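Any read-out appearing in this document is the output of simple, stated calculations on the displayed coordinates, not a laboratory observation. On a predicted model such as this, the values are computed, not experimentally measured, just so you know. All Cβ positions, even for glycine, are placed from backbone atoms using ideal geometry, and neighbour counts span all protein chains on display.
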Amino acid sequence: MISLQVNGSLYELDADPDMPLLWALRDLLNLTGTKYSCGIAQCGACTVHIDGRAAQACITPLSHVVGKTITTIEGLAENPGHPVLLAWQQMNVPQCGHCQPGQIMATSALLDEKPNPTDTEIEQALDGNICRCGTYPRIRQAIRRATQLKQGVES
Amino acid sequence: MSELHPLSRRDFLKFSAVTGAGLCIGISLTACSQASKTTSDNTFQPNAYLRISNNGAIIISIAESEMGQGVMTSLSMLVAEELDADWTMVKAELAPADRKLYGRQSTGGSSSVREAWQPMRKAGAAARQMLIQAAAKRWSVNINNCRTEKGRVYHDASGQSIGYGELSTQAAQQPLPENIQLKDPGSFQLIGRATHSLDGADKIHGRARFGMDIRLPGMVYATITHPPVFGGKLKQFDAEKARQVNGVQDVISIDQSVVVIAENSWAALQGQKALQIEWENGQLEQVNSVTIRRQLHADLDKIDFTVRSDGHTKEILANTPEPISVEYELPYQAHFTMEPQCCVAHVHDEGCEVWAPTQSPSSAKSVAAKYGLSKSAWLFGKLKKRIDGSDYEDVKLHVPFLGTGFGRRRYADFVKEAVKISRAIGKPVNLFWSREEDTQHGFYRPTALNRLEAALGQDGLPIAWRHHISGPSIGDFHDPDNYGKNKIDNKMVGGAKQLPYAIPNIEVSAVLSRTPVPLGTWRSVGSSLNGFVVESFIDELAHAAQQDPVEYRRKLLQNSPRRLGVLKLAAEKAGWGQPLPKGIHRGIAIFKSFLSYVAQVAEVSVSSDGELKVHRVVCAVDCGMVVNPDGIQAQMEGAVAFALTATLKGEITINQGRVEQSNYHDYPVIRMSEMPKVETYLVPSAEAPTGIGEPGVPPLAAAVANATFAATGIRVRHLPIRAEDLILQS
């Protein structure tokens, strides 16, 4: 049995310790907001937080996350006032929407670490997250907006 | 002033039987779009539904597939505008495949808004008139003294008002209005206003359900391995190691492929890796990109089809001492949909139920019926469909959100597979293709080789233009008996045949050069190829004539006011002719596709080691009347990103009869740091709306290549543009 702490709840899973976190979230815990697109950490659609840092769930085996805190888009969305979610709505970012949970998780981890990132820091943090619809300009705007909202919220 | 439209009873279907269900109106796209011509012989084909429930919620069923193009929002706006709905009460739903209710469902060709423009508005207007009738009756007042605003009917003289929800049951009992009054565009409140997507919140919060997200009781997961070589066959396979993987339940073969069934996706992927398969590769193992290129070149001197012949092109070119003659070459392209192909199917005793992220719900449903029902049930359903237009009643086909489509999801290969697997194992199955399978078993955008020839007159303007295309065709690949050398597939010459420039002698021709690579529609189809070719070559001619590329085009487009409109707007907004920062250069291209006109000015820089960077793209768009300007801006941003991948990176190559690329590492796509700034400007128009999902794609590659010429003096005649192509002059 493997113990996993996901979105504040503790789960006991009878799973292969080599199974990537992505599939445990999607198929065993039914948290389907985390997406599959490449399986080799090239696209970022599976981005979640492990101990608060952005990580690619498709290459992270369960054995590596025992005892760690995992947050998925469903966990982040438990706070509908989260500045990144609000910013994404205000900038009307999604088109097809498939990559957006990953984009949002990558962004919120970035802003937790660097509340006011430079353009280069944004690109470094988000370049691993592909969007085939081309919502990049809006993601950029939404990150700027989230920065403002966060400062407003926190000050 | 408003337009009056006579309404036949066949146009609309009214549901009022269910007590408390409120008002429900079916909208016939076919009937309404032809209403001005005739209403007598139209069969009833409602395409979407509007429901107004007792609590005031307005639910609009969308029978188009939502793949990011914003159709749930734009089509709902059309209904809500004429209904005078409170937009905050509007909810859009994705409709299942149902021929009887929605007619033939297929999303493509940038046609959704264009086709829904009249009928969806009529549905909203009819409902509004019925709500007014109900209110007038309730208050015993004249309908002419009632008005509507934001989901309420008002009678100003008595100061009374009532919400649509409260009126809906009574409204459903009203007769259908004989004439539908549509608003004058000048009084639109919602149409033309930047509107946020109705499906945005679900997508942002991780709640939106895509194909792979469907979960059913007792469902298993499946991966599939197709023959690696085109036309290959399954010889035999050893599943022993795959079966030893923890969680693998079964290994079966369907058609020529091997399927691993497992408790979860990971086990299915591990089982797939453990398979030992022997294939019969066949003849096509000899095919590779070099042989294909050689064949296209060899065929270039032959002509199968001359699709346009104005004047005496050949004679003029033959008599010109040094005509300009060049070749343009484009590779195969993959779709790389964000979510790989997938489908959930459950074949059971009473029929089958399918969740298919498809652009073609109707044909997917027919496929599901054919492979999911018993032969007798399928034949009976097929016959019944032909006789009374009913759909296969034993098949339910739901359409979840599509993780992009780009034309790939028009093909129902993955639906057939899921249904066959579920039928074979007797369980609901979630079939998903690994990214590697998805990359190597697509329906690719065709490759093409083009020869362009021109002769210039004294004034530098072209007096003859000849465009000859050698390559395979999508239509011929799917239906060789119909096409072949007998019939031209117009997709092949799309955008080439319609060359808009005023040149007295024009010849456009093609030779079919068949290749074994599977082909399919790819965002903007033939225009994705010919946009690059035509708009690069006209730029070459402008430079050969030592004339400004914008001015040159302007002279040749005097009879095309809408093209001139976008050309002028793009040039103006981009500051054409004004100085640029050091190292930045401009290029322009203009192209009409799916009835819309787009001009783009790209600003690029090229470093000494040949690295090309696109900094800014200015788009000018004339797509008729604008429904959702925010949606148009999003589609331009999306088209630029999609086309830039094909311009700078994307290429499918063939070796030993198989696709060489497999995942994002060897088929790189544009990432955030490579995305230019995109500005979109709209030409005001009173024309009916035209397409927007695709028209931003065709001009982009040429705009970038033309800017690259301005930057380096190097004319790019093949895609993708590689750094090594641009190093020469540094």
At least 18 Å along the helix axis (C-alpha) and Kyte average at least -0.5, DSSP helices within chain A: A:100-113
Volume of the Cα convex hull of the range B:120-191, divided per residue and given in Å³: 100 Å³
Projected area averaged over orientations for chain A, convex hull of C-alpha atoms, nm²: 8.6 nm²
Contact order normalised by residue count of chain B, Cα under 8 Å, 6+ apart, percent: 14 percent
Bridge type composition, chain B - antiparallel percent by DSSP, nearest 5: 75 percent
Relative contact order, percent, the range B:576-681 [alpha-carbon distance under 8 Å, six or more residues apart]: 25 percent
Loop-resident sites, the range B:355-444, for GluC sites (Glu not before Pro), counting at most 16 other Cβ within 10 Å (DSSP): B:Glu393
Sequence-distant lysines (8 or more away, or on other chains) whose Cα lies within less than 17 Å of B:Lys485: B:Lys302
Mean Cβ count within 10 Å, highest first, over the residues of peptides B:401-407, A:13-19: B:401-407, A:13-19
Hits among lysines - C-alpha to C-alpha of B:Lys183 under 19 Å, sequence gap 8 or more where chains match: B:Lys122, B:Lys150
Shielding score for B:190-202, defined as the mean number of other chain Cβ atoms within 10 Å: 3
Residue order, fewest to most beta carbons within 10 Å, for A:Cys131, B:Cys146, A:Cys46: B:Cys146, A:Cys46, A:Cys131
Which of A:Thr69, B:Thr195 has the fewest Cβ neighbours within 10 Å, and the rest in rising order: A:Thr69, B:Thr195
Dipole moment magnitude, nearest 20 debye, chain B about Cα centre, only Lys, Arg, Asp, Glu C-beta charged: 1240 debye
Sum of -39500 (n - 2.57) over DSSP H runs of 4+, divided by residues of chain B (222 nm, nearest 500): -9000 deg cm²/dmol
Cβ-placed point charges (K, R +1; D, E -1), dipole of the protein assembly as shown about Cα centre in debye, nearest 20: 1760 debye
For B:Arg715, B:Arg423, order by how many other beta-carbon atoms lie within 10 Å, fewest first: B:Arg715, B:Arg423
Rounded to 5, percent antiparallel among DSSP beta bridges of the range A:2-75: 85 percent
Dimensionless Rg over Rh [chain B; C-alpha; Kirkwood]: 1.00
FRET efficiency for B:Ser158 and B:Glu93, using Cβ-Cβ distance with R0 set to 41 Å, rounded to 0.05: 0.65
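If you take the Cα atoms of the protein assembly as shown, find Rg, then find the Kirkwood Rh from the mean of 1/r over all pairs, what is Rg/Rh?
0.97
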Positive-end residue of B:Ala298, B:Leu269, B:Cys343, charge dipole of chain B with Cβ unit charges: B:Cys343
